[in-house]
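> Below you will find the structure I want to go over with you.
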Amino acid sequence: MEKEKLDSASSGYMGLLSLLVFLAGGILTLVNFNQFLFGIIAGMLFLLTAFFILAGFLVINPNESSVLTLFGEYKGTLKRNGFYWMNPFFIKKKVSLRARNFNSELLKVNDKLGNPIMIGIVLVWKVEDTFKAAFQVDDFNRFVEIQSESAVRKLAGHYAYDNFDDELTDITLRGGGEEVNHVLEKELSERLHIAGINVIEARIAHLAYSAEIAQAMLKRQQATAIVAARSKIVEGAVSMVEMALNKLSERKIVELDDERKAVMVSNLLVVLCSDKDASPVVNAGSIY
């Protein structure tokens, strides 16, 4: 398989000087010898040569390249910026070497568990091999878009959105972070290598449940958060009750039998675990 090769070209300023010489020569010949057939023919040849030279000029800007072909044969790629003159029969195709951003549209895909999700990525890429970009694919910009969508669908199919359904799952789309992004970059690099594309960075930019299940998943997340919060509250309340009973016993403030301890524990748990402020009842008589 043919690979990218760098080409060299003549200075554009020498070509410009030649252009001016032939242009001036053609004009002077036509003006001074227009009464002679030989002068007319010579003047026209000078002007045709000048226009032929004009077609060979090429300007390469920084981070830009030009792929050169001659009658269907690849001749090389010009990457060094500057002003050049080359064979006018060369067909020149400009290929940008700048880094580009691709912000994908939101795709509706299914995760590993079959849940419909909306996902979008940001891809930073640039052309590394101009020969592959120009001749291995029809349109490398469109190729990047299609392969990015395919890679996102494959990534979503390998990971679950979260680990609510399987707590043993270590890597998820939502919690995988850099590891998931690294898998995405590797997948895109393999897919885009054929087009000479270098993947600089790829990461998930948007991730959410699809609209039809978003409300149900939100309720599930809220329920999970409430259960976790209640567990912490109960755990703390039990510790506080235990500490209160131990302090009362150590300091011998009051002696409580098992029945009274049970009543006290019940009251303290109600006060500590309730989501509303408790209304105190003051007993002015004997505790018995």
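Residue-by-condition table, conditions (1) closer than 30 Å to residue 197 by Cα; (2) under 32 Å from the mean Cα position of the chain (by Cα); (3) modelled with pLDDT under 90:
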| position | (1), (2), (3) |
| --- | --- |
| 2 | yes, yes, yes |
| 25 | no, no, yes |
| 33 | no, no, yes |
| 38 | no, no, yes |
| 60 | yes, yes, no |
| 78 | yes, yes, no |
| 92 | yes, yes, no |
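> Based on this model, can you work out whether residue 53 counts as β-branched (Val, Ile, Thr), without any contact (Cβ under 8 Å) to a residue 40 or more places away in the chain and surrounded by fewer than 14 Cβ atoms within 10 Å (Cβ to Cβ)?
Spelling it out, it is not the case that residue 53 is β-branched (Val, Ile, Thr), without any contact (Cβ under 8 Å) to a residue 40 or more places away in the chain and surrounded by fewer than 14 Cβ atoms within 10 Å (Cβ to Cβ).
> Name, by its number, the condition in (1) in the same structural domain as residue 138 (by TED's automatic domain parsing); (2) modelled with pLDDT under 70; (3) hydroxyl-bearing (Ser, Thr, Tyr) that does not hold for residue 288.
Of (1) in the same structural domain as residue 138 (by TED's automatic domain parsing); (2) modelled with pLDDT under 70; (3) hydroxyl-bearing (Ser, Thr, Tyr), only one is false for residue 288: (1).
Let's see how each residue does on (1) in contact with a helix residue (DSSP H, G or I) (Cβ under 9 Å, 6 or more places away or on another chain); (2) within 21 Å of residue 137 (Cα to Cα); (3) assigned to a loop (DSSP other than H, G, I, E, B):
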site	(1), (2), (3)
22	yes, no, no
26	yes, no, no
38	no, no, no
46	yes, no, no
53	yes, no, no
68	no, yes, no
74	yes, yes, no
87	no, no, yes
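The values are calculated or read from the model by the stated rules, or taken from the named source; none is laboratory data. Keep in mind it's a predicted model, so treat the numbers as computed, not measured. No Cβ is skipped: glycine too gets one built from the backbone with ideal geometry, and neighbour counts run over all protein chains shown.
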